[in-house]
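**Student:** Below are the structure tokens for one structure; questions will follow.
Every number here is computed from the coordinates shown, using simple stated rules; none is lab data. None of the values given here were measured: they were computed from a predicted structure. Every residue, glycine among them, receives a Cβ derived from its backbone with ideal geometry; neighbour counts consider all protein chains shown.
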Amino acid sequence: MSLSDPRTAHAFRFVRRDYADGVASLVYAFDDGPELIERIVFPDAPMPVPERAAAFEAALDLLHLIAGVSYYKAGVPAEIRVESSALDAETAAFLDALYLHGLGEFAYHNKLDLRGRIRFPAPLQAEGRHAFLPPLQGEGRHAFLPPLQGEGRGGDGVRAAVSDTDTIPTQTLPLKGRASGQHRTLVPIGGGKDSLVSVEILKSAGEDATAVWIGNSPLIAACAERTGLPRLNIGRELSPVLFEYNKLGAYNGHIPVTAINSAILVVAAILYGFDAIAFSNERSASSATLEYDGQPVNHQWSKGWDFERDFHALLKSRVAADLDYYSLLRPLSELAVAERFARSARYDDVFSSCNRNFRILGPKPADRWCGQCPKCHFVFLALAPFMPKPRLLAIFGRNLLDDIALAPAFDALMEYRDHKPFECVGEGRESRAAMAALIQRAEWREDALVARFADEIAPQLAADAPALAELLQPEGPHQIPVRLRGYLDATR
Amino acid sequence: MSSTLASVPAPAPWVVAKFGGTSVATRARWEAIQRIAAAHRARGRRVLIVVSALSGVTDLLKAIAETRGDEARCREAQVGIVERHHALHRALELPTRNALDGWLARLDQLIADPRRGSGALDWQAEVFALGELMSSTLGAAFLTARGLPTRWLDARDYLRAVPLANQGAWARYLSASVPAAPDPALPGALADLGEVFITQGFIARNDGGETVLLGRGGSDTSAGCFGALLKAECVEIWTDVPGMFSANPRVVPEARLLARLGYEEAQEIATTGAKVLHPRSLGPLRRAGVPLVIKDTNRPHLAGTEIRAAAADAAPCVKAISMRKGVTLVSMETVGMWQQVGFLADVFAEFKRHGLSVDLIGSAETNVTVSLDPSENLVDSDVLSALATDLAKICRVKVIAPCAAITLVGRGMRSLLHKLSGVLAEFGALDVHMISQSSNNLNLTFVVDEALADELVPRLHALLIRADALRVEDGAVFGPSWRELAEDGASAPQETWWRRERAALLRLAGEESPRYVYSLDTVRAQARALMNLFRLPPGEGGRRPGEGSGIVDRWHYALKANPHPAILRALDEEGFAFECVSPGEIAALRATLPQLPSERILFTPNFAPREEYAAALAQGVRVTVDALHPLAHWGELFAGREIHLRVDLGIGRGHHDKVRTGGDTSKFGLALDQLDAFRALARTHHVRIVGLHAHAGSGILDAGHWRSVYLQLAALAEGFRRVESLNIGGGLGVPSRPDEQPLDLAALGAGLAEVKRAYPQFALWMEPGRFLVADAGVLLARVTQVKRKGFVNYVGIDAGMNSLIRPALYEAWHAIVNLSRLDWPAGEMVQVVGPICETGDVLGANRRLPECHEGDVILIAQAGAYGAVMASRYNLREPAGEIVLP
């Protein structure tokens, strides 16, 4: 079949989804073009338990709808057609928001305006339609969220606030041992410091946790092995037709991959009998990377609080009322995560947060840390105040703060003269606070970029700029189960 | 077997043989010890065997010594120790266990000892000593039972520790010093007791009669002390490696076994990196004039490394290059160090106060820089931070890390400096933080960034050989390479095609000379080796239909290496596409292969004029751009087109400066910091970047190089929206010198496959040139005249640099043989020169050929690449013609 440029298509179709023998097949198409089939492979999958069949089917539907974003974006046609399932208004509104914000950076790079273009078909319930769209400007959006040491009603409060179309009955996920308080948690591992901090928190809390990762990555596999936890590796194969479309000029760019991974893990949780999914997204993942044409653009939108809150609510109301989905690090700053990571040297020689090298495992630091991307720069800076200098330099194999050529890169991290890079890095004030801590340290003070900060940037900083200790305090909304909250205490 | 042996006479020489932990851990190893001791005795020597504890036992004893109150852990370690020794006892089939059980009972007592609670040092020393006491006890019983009567000696009765000034209690008990000098009475006294003895390494007694330890590497030290006390004929250190090497063989497989070293050199090598021998063992032997030999227990026939006083007239020579990683530099700057009394004393007092030991020191008027060797302390604790804080009160302090100290070791280093220019050039582009050269003239140390060290050391090793500073031809000093030892007895190098075709080649040379001759079979064989590179299992790797079946999706032949029509036709038949760098090459290709689709031609020019791009685009050829200029100034030319972008990843690799094509000083490729600007220009002109390309040099023999380029390009390409292919260049090396190893194609394929699994969305392209054709061509020439000037012999041939310029241009090394007298015995060293009026017209320097006569046919090998195509009419001499072997 000859292919045509997906940018000329009229409709994007959610054709069908199947599950057999541990393989979920998600099928899409542009108009009458060839089927785009994505396959998710669940190793040694047990037979779906009859009591959970309804939840499993609902989870598959949701996965199909969310994973479609990888293909939809190739053409961004005017019409979205869902042939595989009937959408309710709440789900349609959730998907509208996910596709709009999750493709924010994509739209920015491709100079597209997606506002008003993305409309998942749903029964007309105008009031509920935009319930999931958060206000564009940040002020007041967290007003209704409970404090960390609250009464543990975070999830309920959120759901009450956003869900007004509760017409579909919730489906219960029966779990053995639930009565005795025994929880089973899937903890997704990314090879970076964040998820390893979560692993250590779950271990210290004595949780029954399984390290899970998606796709083939020797580096992540090595990290997962180092955790000492049971492991689960889920396979994901994109449709090869997508590559052919790319050749024809399809739109390409960033997609909300955390949303896709979340949906995959929901299916996995129901399949293998887990009742919680603990992600490791921190507070700063919620802040916008930049503003474009009046719209905040966040590189890591699906790692942000809005997505977590809404996805959790949707799961509770549409998939399984007793499946917890939360981010264990949500109230923590990047610096607080770095400080926690520094407490143990367990992962020093296997982890990597570098975006360039993270798929490949190598014995030398340079195999895991490119030293050139914003992730490398930020993680180096964030860890520096919290560990002996020789240890940090041994992890990276070099001293990034003594390389004057990297001045523009670190300026960007500090939001000095430049906007924040499109990467999952901390907030500007975190980078500034880390740098401010280093100029107090004799072993760092003379390094090129630290000295430059002291001479040039520090004098311009406001007197009330937050100090390091302040930024280590947990704050902001989250939906961490009550039993784990004590483990997030910032003190050692 | 012993009863039939004559007894050894009283004044017989002594041999001290030391065996480490793994060498005493199994019955088979004890049988080897028996053979070695019996052989010495049969030669009329008295033997003293010095042993370590069974491997792993010292760690278990350490666990006991450190458990303090942890009863369970302590008992667990004790059970482990008992089981290890009982198991070996059973394997040795000894009749009685009384002596061993005595020591195990002593262990029980020591565990119950109240001193354990505090971990008292004298108690720890007693605990640790049990390991050697038990292994030597088992050994004495086994050797005696096997018919080699062996007398057990308590080493503590002979080695007396003496406290040093400033030596702390810890060192006095656990790292004590034994000043051992020859004791003329001892050999005779022992001779009265027997012929073969066994004793313990690692332990001694102090003046108070307490047990003390000799610290890390203590068994080597014990052997050295006994060697000196007995003024032995020789001390043998038996290990699992053949000896000391000219570099760490794990990093440099070409490292050569060091056959002979002076004490000082050996001590320097052992101190700066080699782990095979503890440097403390050499001091007593040097003073007593006793030689030491390192031998391989598994291969006792190998000569090993002999360490003895250096001959006074030995020529200066680099013996080894060693490396220590994890080095931290502390640089201290003061504005007024000059005449500032006590500055150094103040600085070093801080290091002492924080318990940090300084290694290298470099100083200038206002700066003193010192190096700290790696220690767990530095990584686990804040000691460096505390030190820096205190130092900052008296100077400006800067911590530079992680560094590696690379040390060249050899006597007379300063008189070798003139030979090191090529070696020093290697440091040219690098940031050398510190250079240190001690007045003993044994070493030259460079401190560089640690990340550079692993790649630097093998290159420096090769350069030292090339510079004749590491004179590996000297069989008295250098033995075989690690790789040769590993391949021990592997087959000789493969026979070359030109040996098989000798008769035909002699005939062709008779018709016309000089003359290039090509073997198409060799071209095809190389092409097929690449095509088959790492065939993936079906279904893996995102294979695109119609492209190659190996890991690389499209191979291009870089025809600048050799555009001979027959070669182009052969490679087209083998499925290769083509890479051209000029319109002339495109025209030549089209003339030879008129049916070739345009899209199988990749045009990758450098600093080409506008018209060339226009012409190539008009022909539908794929075009690679490697600068901003074309898009910035001729954007309309590329509007709506697909292009490939060549980037410079900032690394230059290859065998010579002129063939390195990466790095800022190279004219090729777009700098990475201009990538965004390039993409902006591409968007403005609606140009689609469909491929990324990098090529960082030629003659690369390290298979990991392309994996690294591939990985970097793939990571970059993820940020692009249209990139379909990654062209990781060529540069596949062909070994020329006898000491070089061929590129490991299996490793290359595996490395590429690993990246491909991670980035299946990109097609992988490569573009080798020389790899395909170098070995396929030879240059035949005839001897014109021979000449002798002083000690230099010249063989003149009718081919000069106008036919083959690589030796003059790149210092390339081509094998040269006298084809008329193939395999005749080699005669004197000669310089093979051409007829061109240039001093540099040398095709091969310092070659050993059979005696050459006018008219002999000389064959210059590996001339298939960059040979005829680079020829000129300089001096108005016609260059060699070309012919394909029929």
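**Student:** Hand me the GluC sites (Glu not before Pro) from the stretch B:25-96 located in a DSSP loop with no more than 12 other Cβ atoms within 10 Å, in residue order please.
**Tutor:** The qualifying sites are B:Glu93.
**Student:** Turning to a different aspect of this structure: Roughly how many whole Å is it from the C-alpha centroid of the stretch B:239-265 to that of the stretch A:292-315?
**Tutor:** 60 Å
**Student:** While we're looking at this one, here's another question. With just the Cα atoms of the stretch B:674-741, tell me how far they stretch along each of the three principal axes, in Å, largest first.
**Tutor:** Reported extents, whole Å, longest axis first: 53, 18, 17.
**Student:** Turning to a different aspect of this structure: Mind jotting down the distance between the C-alpha centroids of the stretch B:393-409 and the stretch B:794-847, whole Å?
**Tutor:** Cα centroid of the stretch B:794-847 versus Cα centroid of the stretch B:393-409: 47 Å apart.
**Student:** I would also like to ask the following. What is the diffusion coefficient of the stretch B:293-406 in µm²/s, taking the Kirkwood radius over Cα pairs and the Stokes-Einstein relation at 20 °C with a viscosity of 1.002 mPa s?
**Tutor:** My calculation gives 125 µm²/s for D.
**Student:** Over the stretch B:762-886, what is the mean sequence separation of C-alpha contacts under 8 Å (at least six apart), divided by residue count, expressed as relative contact order in percent?
**Tutor:** This gives 35 percent for the stretch B:762-886.
**Student:** Right, here's the next one. Work out how far the C-alpha atoms of the stretch A:10-110 reach from end to end along every principal axis, then list the three figures in whole Å, largest first.
**Tutor:** 43, 30, 23
**Student:** Shape of the stretch B:320-487 from its Cα gyration tensor (a ≥ b ≥ c, root eigenvalues): rounded if a/c is under 1.5, otherwise prolate when a/b > b/c, or oblate?
**Tutor:** Prolate, because a/c is 1.5 or more and a/b exceeds b/c.
**Student:** Separate question: Rounded to the nearest 0.05, what FRET efficiency do B:Arg90 and B:Ala165 give with R0 = 51 Å and r taken as the Cβ-Cβ distance? Could you check?
**Tutor:** 0.55
**Student:** Using only the alpha carbons of chain B, determine the length spanned along each of the three principal axes and report them from longest to shortest in whole angstroms.
**Tutor:** 94, 68, 67
**Student:** Local charge sum around B:Gln200 (other residues, Cβ-Cβ under 9 Å, Lys/Arg +1, Asp/Glu -1)?
**Tutor:** Summing Lys/Arg as +1 and Asp/Glu as -1 gives -1.
**Student:** Quick one: which residues, 5 or more positions from B:Arg622 or on another chain, have an amide H under 5 Å from its amide H? H modelled 1.01 Å from N in the peptide plane, none for Pro or chain starts.
**Tutor:** B:Ile601, B:Phe603
**Student:** If we count every other residue with Cβ under 12 angstrom of B:Ala405's Cβ, Lys/Arg +1 and Asp/Glu -1, where does the sum land?
**Tutor:** Here the charged neighbours net out to -2.
**Student:** Using the Karplus curve 6.51 cos²θ - 1.76 cosθ + 1.60 with θ = phi - 60°, what ³J(HN,Hα) values do you get for each residue of the stretch A:344-349, in whole Hz, with x for Gly and Pro?
**Tutor:** My calculation for the stretch A:344-349 gives 10, 8, 4, 9, 3, 9 Hz in order.
**Student:** May I pose another question? For the stretch A:353-471, what is the Kirkwood hydrodynamic radius in Å, using each pair of distinct C-alpha atoms?
**Tutor:** For the stretch A:353-471, the Kirkwood estimate is 14.5 Å.
**Student:** Still on this structure, please answer the following. Students often check this: by mean Cβ neighbours within 10 Å, which of A:455-466, B:361-372 ranks highest, and how do the rest follow?
**Tutor:** Packing order, densest peptide first, comes out as B:361-372, A:455-466.
**Student:** Can you sort A:His64, B:His86, B:His278 so the residue with the fewest Cβ neighbours within 10 Å comes first?
**Tutor:** Listing A:His64, B:His86, B:His278 from fewest to most nearby Cβ atoms yields B:His86, B:His278, A:His64.
**Student:** A further question follows. Read phi for every residue in the stretch A:236-246 and hand back ³J(HN,Hα) as whole Hz from Karplus 6.51 cos²θ - 1.76 cosθ + 1.60, θ = phi - 60°, with x for Gly and Pro.
**Tutor:** 9, 10, 6, 5, x, 4, 4, 5, 5, 4, 4
**Student:** Using a ≥ b ≥ c from the Cα gyration tensor of the stretch B:72-224 (square roots of the eigenvalues), is it rounded, prolate or oblate, where a/c under 1.5 gives rounded and otherwise the larger of a/b and b/c decides, a/b for prolate?
**Tutor:** Cα axes put the stretch B:72-224 in the oblate bin.
**Student:** Calculate how steeply helix B:704-717 sits against the longest principal axis of the alpha-carbon atoms of chain B, using the helix alpha-carbon long axis, and give the answer as 0 to 90 degrees to the nearest 10.
**Tutor:** Once rounded, the angle reads 60 degrees.
**Student:** A further question on this structure: Please report how far the C-alpha centroid of the stretch B:104-136 lies from that of the stretch B:853-886, rounded to the nearest whole angstrom.
**Tutor:** The stretch B:104-136 and the stretch B:853-886 have Cα centres separated by 77 Å.
**Student:** If you wrap a convex hull around the C-alpha atoms of the protein assembly as shown and split its volume per residue, what is the figure in Å³?
**Tutor:** Dividing the Cα hull volume of the protein assembly as shown by its residue count gives 227 Å³.
**Student:** Report, to one decimal in Å, the Kirkwood hydrodynamic radius for the stretch B:217-270 based on all distinct Cα pairs.
**Tutor:** 12.7 Å
**Student:** A follow-up question, please. Give the long-range amide H neighbours of B:Ala763: residues separated by 5 or more places, or on another chain, with amide H under 5 Å away, using H modelled in the peptide plane at 1.01 Å from N.
**Tutor:** Correct list: B:Ser725, B:Leu726.
**Student:** Could you list the GluC sites (Glu not before Pro) in the stretch B:191-265 that lie in coil according to DSSP, counting only those with at most 12 other Cβ atoms within 10 Å of their Cβ?
**Tutor:** Counting only loop positions with at most 12 other Cβ atoms within 10 Å, none of the GluC sites (Glu not before Pro) in the stretch B:191-265 qualifies.
**Student:** Once the cut-off is 17 Å, how many percent of the Cα-Cα pairs in the stretch B:777-884 end up in the long-distance tail?
**Tutor:** 48 percent
**Student:** From the phi of every residue in the stretch A:431-436, what ³J(HN,Hα) in whole Hz does the Karplus formula 6.51 cos²θ - 1.76 cosθ + 1.60 yield, where θ is phi - 60° and glycine or proline is x?
**Tutor:** After applying 6.51 cos²θ - 1.76 cosθ + 1.60, I find 4, 5, 5, 4, 5, 4 Hz.
**Student:** Take every DSSP beta bridge whose two residues both sit in chain B, then give the antiparallel share in percent to the nearest 5.
**Tutor:** Expressed as a percentage, antiparallel bridges in chain B total about 50.
**Student:** Taking the Cβ of each residue in B:Trp555, B:Trp152 as the centre, tally the other Cβ atoms inside 10 Å and list the residues starting with the fewest.
**Tutor:** B:Trp152, B:Trp555
**Student:** Follow-up question, since we're still on this one. Hey, what did the stretch B:14-239 get for relative contact order, percent, Cα under 8 Å, at least 6 apart?
**Tutor:** 29 percent.
**Student:** Between their Cα atoms, which of B:Lys419/B:Lys789; A:Lys389/B:Lys352; A:Lys364/B:Lys18; A:Lys375/B:Lys352 are more than 31 Å away from each other?
**Tutor:** Pairs exceeding the cut-off: A:Lys364/B:Lys18; A:Lys375/B:Lys352.
**Student:** Let me ask something else about it. What 222 nm value per residue comes from the helices of chain B, counting each DSSP H run with n ≥ 4 as -39,500 (n - 2.57) and dividing by all residues, nearest 500 deg cm²/dmol?
**Tutor:** -10000 deg cm²/dmol
**Student:** Quick one: putting +1 on the C-beta of Lys and Arg, -1 on the C-beta of Asp and Glu, what dipole do you get for the protein assembly as shown around its Cα centre, in Debye to the nearest 20?
**Tutor:** That gives a dipole near 2540 debye.
**Student:** So which GluC sites (Glu not before Pro) in the stretch A:43-129 end up in coil per DSSP with only 14 or fewer other C-beta atoms within 10 Å?
**Tutor:** Counting only loop positions with at most 14 other Cβ atoms within 10 Å, the GluC sites (Glu not before Pro) in the stretch A:43-129 are A:Glu83.
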